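I have placed the structure first, in the form of C-alpha coordinates, so that the comments after it can refer back to it.
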Amino acid sequence: MRTSSVVSSALLLSATLSGCLGQGPSTPTTPDAGSYVDMPRTSTVSGFLLDPEAFFLLSSAWPVAPDDPEGPPPPFLVDGTPYLEYASISGANVSLVSGSTQTSGSISAQKGVWQVYNVPRGDSTQYVMKADPMAAGVELGAGIDEPSPVEVPKSRYVSTTTLRPILPSVPLCQLMVATMVGEAGALSALAHARSSTVADLLNPSKTGGVVLTWVFVPSMMLDWVQFNADQVSVESSAGQVYALNWDLPGAGGAGQSPMGFMASAGGVSPIGYYAIVLPPGGSGPLSVQFVDHGTGEDMFGNPRPWFIPSLEADIQPGGVSVARVFALPGGEEPPPPEDTDDEPSPGQDFSWVCMP
(Lines give C-alpha, C1' and ligand atoms only; values in the text may rest on other atoms or scores of the structure.)
Protein backbone atom coordinates (compact mmCIF):
# COMPACT_ATOMS: atom_id res chain seq x y z
CA MET A 1 0.00 0.00 0.00
CA ARG A 2 1.44 3.36 -1.01
CA THR A 3 1.80 6.59 0.90
CA SER A 4 -1.08 8.25 -0.93
CA SER A 5 -3.47 5.49 0.08
CA VAL A 6 -2.04 4.81 3.52
CA VAL A 7 -2.75 8.22 5.00
CA SER A 8 -6.51 7.91 5.39
CA SER A 9 -8.32 8.61 8.64
CA ALA A 10 -11.63 10.44 9.10
CA LEU A 11 -13.72 11.37 12.06
CA LEU A 12 -17.53 11.51 11.81
CA LEU A 13 -19.38 13.56 14.40
CA SER A 14 -23.17 13.60 14.68
CA ALA A 15 -25.58 15.50 16.92
CA THR A 16 -29.23 14.81 17.71
CA LEU A 17 -31.48 17.71 18.44
CA SER A 18 -34.66 17.22 20.43
CA GLY A 19 -37.47 19.58 21.33
CA CYS A 20 -41.07 19.80 22.42
CA LEU A 21 -43.58 20.50 19.68
CA GLY A 22 -47.26 21.26 20.01
CA GLN A 23 -46.93 22.73 23.50
CA GLY A 24 -48.90 25.81 24.39
CA PRO A 25 -47.31 28.90 25.91
CA SER A 26 -46.24 28.45 29.47
CA THR A 27 -45.47 30.81 32.28
CA PRO A 28 -41.70 31.19 32.73
CA THR A 29 -40.42 30.20 36.13
CA THR A 30 -37.27 31.09 37.97
CA PRO A 31 -35.26 27.97 38.85
CA ASP A 32 -33.99 27.51 42.34
CA ALA A 33 -30.29 28.26 42.48
CA GLY A 34 -29.85 25.22 44.69
CA SER A 35 -30.95 22.93 41.83
CA TYR A 36 -27.77 23.59 39.87
CA VAL A 37 -24.87 21.15 40.24
CA ASP A 38 -21.42 21.22 38.68
CA MET A 39 -21.12 18.37 36.19
CA PRO A 40 -17.73 16.63 36.19
CA ARG A 41 -15.54 17.59 33.25
CA THR A 42 -14.28 14.41 31.63
CA SER A 43 -12.62 13.33 28.42
CA THR A 44 -12.70 10.16 26.35
CA VAL A 45 -9.16 9.14 25.40
CA SER A 46 -8.60 6.60 22.64
CA GLY A 47 -5.86 5.29 20.42
CA PHE A 48 -4.07 2.10 19.49
CA LEU A 49 -1.49 -0.17 21.11
CA LEU A 50 1.53 -1.56 19.29
CA ASP A 51 4.85 -3.27 19.87
CA PRO A 52 7.40 -0.72 18.55
CA GLU A 53 10.13 -3.38 18.32
CA ALA A 54 7.92 -5.68 16.24
CA PHE A 55 7.04 -2.67 14.05
CA PHE A 56 10.76 -2.02 13.50
CA LEU A 57 11.49 -5.69 12.74
CA LEU A 58 8.64 -5.85 10.23
CA SER A 59 9.55 -2.61 8.45
CA SER A 60 13.26 -3.53 8.32
CA ALA A 61 12.82 -7.09 7.03
CA TRP A 62 9.72 -6.62 4.84
CA PRO A 63 10.24 -8.46 1.52
CA VAL A 64 10.12 -6.49 -1.71
CA ALA A 65 9.06 -8.00 -5.02
CA PRO A 66 11.74 -7.59 -7.72
CA ASP A 67 9.20 -6.02 -10.05
CA ASP A 68 8.00 -3.46 -7.47
CA PRO A 69 9.60 -0.10 -8.41
CA GLU A 70 8.25 1.75 -5.35
CA GLY A 71 9.74 -0.51 -2.70
CA PRO A 72 8.21 -1.33 0.68
CA PRO A 73 5.55 0.83 2.35
CA PRO A 74 6.87 3.70 4.51
CA PRO A 75 6.85 3.31 8.31
CA PHE A 76 3.61 5.19 8.94
CA LEU A 77 1.46 4.62 12.02
CA VAL A 78 -1.82 4.89 10.13
CA ASP A 79 -4.56 2.46 9.19
CA GLY A 80 -3.53 0.25 6.29
CA THR A 81 0.19 0.11 6.98
CA PRO A 82 1.00 -3.63 7.18
CA TYR A 83 3.69 -3.18 9.85
CA LEU A 84 1.18 -1.49 12.14
CA GLU A 85 -1.44 -4.16 11.55
CA TYR A 86 0.92 -7.04 12.34
CA ALA A 87 2.55 -5.21 15.29
CA SER A 88 -0.76 -4.15 16.88
CA ILE A 89 -1.51 -5.72 20.27
CA SER A 90 -4.92 -6.97 21.35
CA GLY A 91 -5.84 -8.38 24.75
CA ALA A 92 -3.92 -5.87 26.91
CA ASN A 93 -5.36 -3.57 29.56
CA VAL A 94 -4.65 0.10 28.74
CA SER A 95 -5.13 2.74 31.44
CA LEU A 96 -4.04 6.33 32.10
CA VAL A 97 -1.81 7.25 35.03
CA SER A 98 -1.24 10.64 36.67
CA GLY A 99 0.93 10.42 39.78
CA SER A 100 -0.78 7.97 42.11
CA THR A 101 -4.07 8.15 40.16
CA GLN A 102 -4.88 5.42 37.65
CA THR A 103 -8.05 5.33 35.56
CA SER A 104 -10.11 2.26 34.83
CA GLY A 105 -8.72 0.34 31.90
CA SER A 106 -9.75 -0.56 28.37
CA ILE A 107 -8.94 -3.93 26.80
CA SER A 108 -7.24 -3.38 23.45
CA ALA A 109 -9.18 -4.93 20.58
CA GLN A 110 -8.42 -5.80 16.97
CA LYS A 111 -5.73 -3.54 15.48
CA GLY A 112 -4.82 -2.56 19.04
CA VAL A 113 -7.72 -0.11 19.38
CA TRP A 114 -8.56 1.02 22.93
CA GLN A 115 -10.79 3.69 24.47
CA VAL A 116 -10.85 4.95 28.06
CA TYR A 117 -13.95 6.85 29.22
CA ASN A 118 -14.51 9.41 31.98
CA VAL A 119 -10.94 10.63 32.30
CA PRO A 120 -10.95 13.67 34.64
CA ARG A 121 -10.32 16.69 32.45
CA GLY A 122 -8.41 19.85 33.30
CA ASP A 123 -5.93 22.37 31.98
CA SER A 124 -2.93 21.08 33.92
CA THR A 125 -3.41 17.39 34.79
CA GLN A 126 -1.19 15.25 32.58
CA TYR A 127 -1.43 11.50 32.11
CA VAL A 128 0.77 8.79 30.65
CA MET A 129 -0.47 5.52 29.18
CA LYS A 130 0.15 2.15 30.82
CA ALA A 131 -0.40 -1.23 29.15
CA ASP A 132 -0.61 -4.41 31.22
CA PRO A 133 -0.75 -7.93 29.75
CA MET A 134 -3.76 -9.99 30.71
CA ALA A 135 -3.40 -13.39 32.37
CA ALA A 136 -4.29 -15.12 29.09
CA GLY A 137 -1.55 -13.22 27.27
CA VAL A 138 -1.80 -10.85 24.33
CA GLU A 139 -1.92 -11.32 20.56
CA LEU A 140 -0.11 -9.57 17.73
CA GLY A 141 -1.98 -8.83 14.51
CA ALA A 142 -5.33 -10.20 15.64
CA GLY A 143 -7.99 -10.53 12.94
CA ILE A 144 -5.61 -10.43 9.94
CA ASP A 145 -6.40 -13.25 7.54
CA GLU A 146 -3.00 -13.54 5.84
CA PRO A 147 0.08 -14.50 7.88
CA SER A 148 2.88 -11.96 8.09
CA PRO A 149 5.67 -12.49 5.52
CA VAL A 150 8.11 -11.61 8.33
CA GLU A 151 8.18 -13.89 11.35
CA VAL A 152 7.98 -12.06 14.66
CA PRO A 153 9.37 -14.26 17.47
CA LYS A 154 6.88 -15.01 20.21
CA SER A 155 7.47 -13.12 23.43
CA ARG A 156 6.09 -12.75 26.92
CA TYR A 157 4.96 -9.14 27.21
CA VAL A 158 5.55 -6.97 30.26
CA SER A 159 3.79 -3.99 31.82
CA THR A 160 4.89 -0.94 29.86
CA THR A 161 4.41 2.77 30.51
CA THR A 162 4.45 5.08 27.48
CA LEU A 163 6.16 8.34 28.43
CA ARG A 164 4.07 10.52 26.16
CA PRO A 165 2.28 13.18 28.24
CA ILE A 166 -1.42 13.58 27.52
CA LEU A 167 -3.31 16.70 28.59
CA PRO A 168 -7.01 15.85 28.11
CA SER A 169 -8.32 19.41 27.96
CA VAL A 170 -10.95 18.59 25.32
CA PRO A 171 -13.90 16.13 25.38
CA LEU A 172 -12.36 13.80 22.76
CA CYS A 173 -8.66 12.88 22.77
CA GLN A 174 -7.94 10.53 19.89
CA LEU A 175 -5.16 8.70 18.03
CA MET A 176 -2.90 8.29 21.07
CA VAL A 177 -0.04 5.83 20.43
CA ALA A 178 0.48 3.44 23.34
CA THR A 179 3.39 1.01 23.34
CA MET A 180 4.13 -2.36 24.89
CA VAL A 181 7.31 -4.43 24.71
CA GLY A 182 8.14 -8.06 25.35
CA GLU A 183 11.10 -9.99 26.67
CA ALA A 184 12.33 -11.07 23.21
CA GLY A 185 13.48 -7.60 22.13
CA ALA A 186 15.78 -5.06 23.74
CA LEU A 187 15.20 -6.50 27.22
CA SER A 188 16.78 -9.83 26.25
CA ALA A 189 19.77 -8.10 24.64
CA LEU A 190 20.14 -5.84 27.67
CA ALA A 191 20.08 -8.79 30.08
CA HIS A 192 22.84 -10.50 28.08
CA ALA A 193 24.99 -7.35 28.06
CA ARG A 194 24.65 -7.14 31.87
CA SER A 195 25.15 -10.90 32.43
CA SER A 196 21.77 -11.03 34.15
CA THR A 197 18.21 -12.00 33.30
CA VAL A 198 15.10 -10.13 32.19
CA ALA A 199 13.58 -11.00 35.55
CA ASP A 200 16.48 -9.19 37.24
CA LEU A 201 15.84 -6.10 35.10
CA LEU A 202 12.21 -6.04 36.23
CA ASN A 203 12.95 -6.74 39.90
CA PRO A 204 12.60 -3.49 41.93
CA SER A 205 15.15 -4.77 44.46
CA LYS A 206 17.78 -5.07 41.71
CA THR A 207 17.03 -2.14 39.39
CA GLY A 208 14.94 1.01 39.45
CA GLY A 209 13.41 0.08 36.12
CA VAL A 210 14.33 0.23 32.44
CA VAL A 211 13.65 3.25 30.21
CA LEU A 212 13.74 2.64 26.44
CA THR A 213 14.09 5.78 24.31
CA TRP A 214 13.78 5.74 20.54
CA VAL A 215 14.71 8.85 18.54
CA PHE A 216 13.07 9.56 15.17
CA VAL A 217 13.69 11.92 12.25
CA PRO A 218 11.64 15.18 12.22
CA SER A 219 8.34 14.88 10.37
CA MET A 220 5.48 17.20 9.48
CA MET A 221 3.11 14.34 10.39
CA LEU A 222 3.79 14.65 14.13
CA ASP A 223 4.39 11.25 15.73
CA TRP A 224 2.73 9.09 13.06
CA VAL A 225 5.90 8.67 10.98
CA GLN A 226 8.79 6.58 12.30
CA PHE A 227 12.09 6.96 10.45
CA ASN A 228 14.87 6.03 12.86
CA ALA A 229 17.50 8.67 13.62
CA ASP A 230 21.22 8.00 13.53
CA GLN A 231 24.25 9.88 14.94
CA VAL A 232 22.36 10.91 18.08
CA SER A 233 24.02 10.46 21.48
CA VAL A 234 22.22 10.24 24.82
CA GLU A 235 23.08 11.35 28.35
CA SER A 236 20.90 10.47 31.34
CA SER A 237 20.71 12.14 34.75
CA ALA A 238 20.62 8.69 36.37
CA GLY A 239 21.40 5.07 35.58
CA GLN A 240 23.56 3.46 32.90
CA VAL A 241 22.96 4.08 29.21
CA TYR A 242 23.16 1.27 26.64
CA ALA A 243 23.17 1.78 22.87
CA LEU A 244 20.98 -0.68 20.96
CA ASN A 245 21.64 -2.02 17.49
CA TRP A 246 19.78 -4.45 15.24
CA ASP A 247 20.38 -7.09 12.59
CA LEU A 248 18.26 -9.83 11.09
CA PRO A 249 17.49 -12.40 13.81
CA GLY A 250 20.25 -14.98 13.94
CA ALA A 251 22.75 -12.83 12.05
CA GLY A 252 24.12 -10.80 14.99
CA GLY A 253 26.03 -13.50 16.84
CA ALA A 254 26.23 -13.99 20.59
CA GLY A 255 24.20 -11.58 22.65
CA GLN A 256 21.57 -10.96 19.99
CA SER A 257 17.97 -11.18 21.18
CA PRO A 258 15.38 -13.34 19.35
CA MET A 259 14.01 -10.17 17.68
CA GLY A 260 17.46 -9.16 16.47
CA PHE A 261 18.53 -6.49 19.00
CA MET A 262 21.98 -6.12 20.55
CA ALA A 263 23.09 -3.91 23.46
CA SER A 264 26.41 -2.35 24.43
CA ALA A 265 27.30 0.06 27.24
CA GLY A 266 27.92 3.59 25.95
CA GLY A 267 28.45 4.54 22.33
CA VAL A 268 26.00 5.82 19.71
CA SER A 269 23.12 3.72 18.44
CA PRO A 270 22.93 3.54 14.62
CA ILE A 271 19.14 3.21 14.91
CA GLY A 272 18.58 5.88 17.59
CA TYR A 273 17.47 3.31 20.18
CA TYR A 274 18.76 3.38 23.78
CA ALA A 275 18.13 1.66 27.08
CA ILE A 276 18.68 3.26 30.49
CA VAL A 277 18.89 0.94 33.49
CA LEU A 278 18.12 2.87 36.67
CA PRO A 279 19.70 2.04 40.04
CA PRO A 280 17.63 0.11 42.60
CA GLY A 281 15.63 2.19 45.03
CA GLY A 282 15.58 5.14 42.66
CA SER A 283 12.43 6.76 41.35
CA GLY A 284 11.12 10.20 40.56
CA PRO A 285 12.34 12.79 38.04
CA LEU A 286 14.56 11.62 35.20
CA SER A 287 16.18 13.92 32.62
CA VAL A 288 17.55 12.55 29.35
CA GLN A 289 19.47 14.82 26.97
CA PHE A 290 19.97 14.16 23.25
CA VAL A 291 22.68 15.57 20.96
CA ASP A 292 22.54 15.25 17.18
CA HIS A 293 25.99 14.87 15.61
CA GLY A 294 24.71 14.77 12.05
CA THR A 295 25.49 17.39 9.39
CA GLY A 296 23.99 18.40 6.05
CA GLU A 297 20.32 17.57 5.48
CA ASP A 298 18.12 14.67 6.50
CA MET A 299 15.85 12.63 4.23
CA PHE A 300 13.20 15.38 4.26
CA GLY A 301 15.62 18.22 3.56
CA ASN A 302 15.79 19.44 7.18
CA PRO A 303 19.16 20.89 8.20
CA ARG A 304 21.24 19.00 10.75
CA PRO A 305 22.12 18.99 13.54
CA TRP A 306 18.52 18.82 14.73
CA PHE A 307 17.16 20.20 17.95
CA ILE A 308 15.95 17.29 20.09
CA PRO A 309 13.85 18.14 23.17
CA SER A 310 15.00 16.55 26.39
CA LEU A 311 12.95 13.82 28.01
CA GLU A 312 11.68 14.85 31.45
CA ALA A 313 9.63 12.20 33.24
CA ASP A 314 8.75 10.84 36.66
CA ILE A 315 9.72 7.18 36.70
CA GLN A 316 8.08 4.66 38.99
CA PRO A 317 10.47 2.07 40.49
CA GLY A 318 10.64 -1.18 38.56
CA GLY A 319 8.97 -1.97 35.26
CA VAL A 320 9.61 -0.72 31.73
CA SER A 321 8.95 2.71 30.23
CA VAL A 322 9.09 3.62 26.53
CA ALA A 323 9.64 7.12 25.11
CA ARG A 324 9.27 7.86 21.40
CA VAL A 325 11.36 11.02 20.92
CA PHE A 326 10.97 13.16 17.81
CA ALA A 327 13.67 15.55 16.64
CA LEU A 328 12.85 19.05 15.39
CA PRO A 329 14.52 20.68 12.38
CA GLY A 330 16.70 23.74 12.73
CA GLY A 331 19.37 22.80 15.27
CA GLU A 332 18.19 25.34 17.85
CA GLU A 333 15.39 25.39 20.37
CA PRO A 334 12.39 27.12 18.77
CA PRO A 335 11.56 30.52 20.29
CA PRO A 336 8.52 30.79 22.58
CA PRO A 337 5.31 31.91 20.86
CA GLU A 338 4.76 35.64 20.80
CA ASP A 339 2.01 37.14 22.92
CA THR A 340 -0.84 38.22 20.70
CA ASP A 341 -4.52 39.02 21.03
CA ASP A 342 -5.27 37.44 17.67
CA GLU A 343 -7.39 34.32 17.72
CA PRO A 344 -5.53 31.21 16.48
CA SER A 345 -6.60 29.99 13.08
CA PRO A 346 -8.11 26.49 12.80
CA GLY A 347 -4.90 25.29 11.16
CA GLN A 348 -2.93 26.21 14.29
CA ASP A 349 -5.20 24.43 16.76
CA PHE A 350 -3.75 21.02 17.65
CA SER A 351 -5.77 20.60 20.85
CA TRP A 352 -7.68 17.73 19.28
CA VAL A 353 -4.56 15.56 19.52
CA CYS A 354 -4.24 16.48 23.23
CA MET A 355 -0.66 17.65 22.99
CA PRO A 356 0.86 19.00 26.23
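The values are calculated or read from the model by the stated rules, or taken from the named source; none is laboratory data. Since the model is a prediction, treat every value here as computed from it, not as a measurement. Here the Cβ positions follow ideal geometry from the backbone for every residue, glycine too, while neighbour counts run over all protein chains shown. Each accessible area value is taken on the protein alone, full model and side chains, heavy atoms only, with ligands, DNA and RNA left out. Shrake-Rupley method; radii C 1.70, N 1.55, O 1.52, S 1.80 Å.
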Size of the dipole of region 210-318 about the Cα centre, Lys and Arg at +1 and Asp and Glu at -1 on the beta carbon, nothing else charged, in debye to 20? 200
So for region 112-268, taking the charge dipole from beta-carbon charges (+1 Lys/Arg, -1 Asp/Glu), which of TRP114, TRP246, SER219 sits furthest toward the positive end? TRP114
Assuming R0 = 45 Å, what is the FRET efficiency of SER100 and ASP230, from their Cβ-Cβ distance, to the nearest 0.05? 0.70
Can you tell me what the convex hull of the Cα atoms of region 122-226 projects to on average, as an area in nm²? 10.3
For GLU151, GLU139, GLU146, GLU183, the accessible-area ranking with a 1.4 Å probe, largest leading, is GLU151, GLU146, GLU139, GLU183
Cα Rg, Dmax, region 125-175, angstrom units: 15.5, 43
Take the alpha carbon gyration tensor of region 230-336, find the square roots of its eigenvalues, order them as a ≥ b ≥ c, and report rounded if a/c is under 1.5; if not, report prolate when a/b exceeds b/c, else oblate. oblate
The alpha-carbon center of region 83-102 and that of region 140-180 are separated, in whole Å, by 6
Spin-label point model (7 Å from Cα, Cβ direction): what's the THR42 to VAL64 distance in nm? 4.9
Roughly how large, in nm² to one decimal, is the mean projection of the convex hull of the alpha-carbon atoms in region 91-130? 2.9
With an 8 Å Cα cut-off and a minimum separation of 6 or more residues, compute the relative contact order for region 175-326 in percent. 32
Hey, rough spin-label estimate for GLU139 and GLN240, points 7 angstrom out along Cα→Cβ, what's it come to in nanometres? 4.0
Yeah, region 60-167 with a ≥ b ≥ c from its alpha-carbon gyration tensor (a/c under 1.5 is rounded, else prolate when a/b outruns b/c, oblate otherwise) is prolate
Once a ≥ b ≥ c are taken as the square roots of the eigenvalues of the Cα gyration tensor of region 191-230, is the result rounded (a/c under 1.5), prolate (a/b larger than b/c) or oblate (a/b not larger than b/c)? prolate
Leaving ligands, DNA and RNA out of it, rank THR179, THR197, THR295 by accessible area with a 1.4 Å probe, largest first. THR295, THR197, THR179
Calculated FRET efficiency, GLN174 and THR295, Cβ-Cβ r, R0 35 Å, to nearest 0.05? 0.40
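Only Cα pairs under 8 Å and at least 6 apart count here; give the relative contact order of region 214-258 as a rounded whole percent.
Normalised by residue count, the contact order of region 214-258 is 22 percent.
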Of all accessible heavy-atom area on region 117-179, the percent that carbon and sulfur account for (1.4 Å): 50
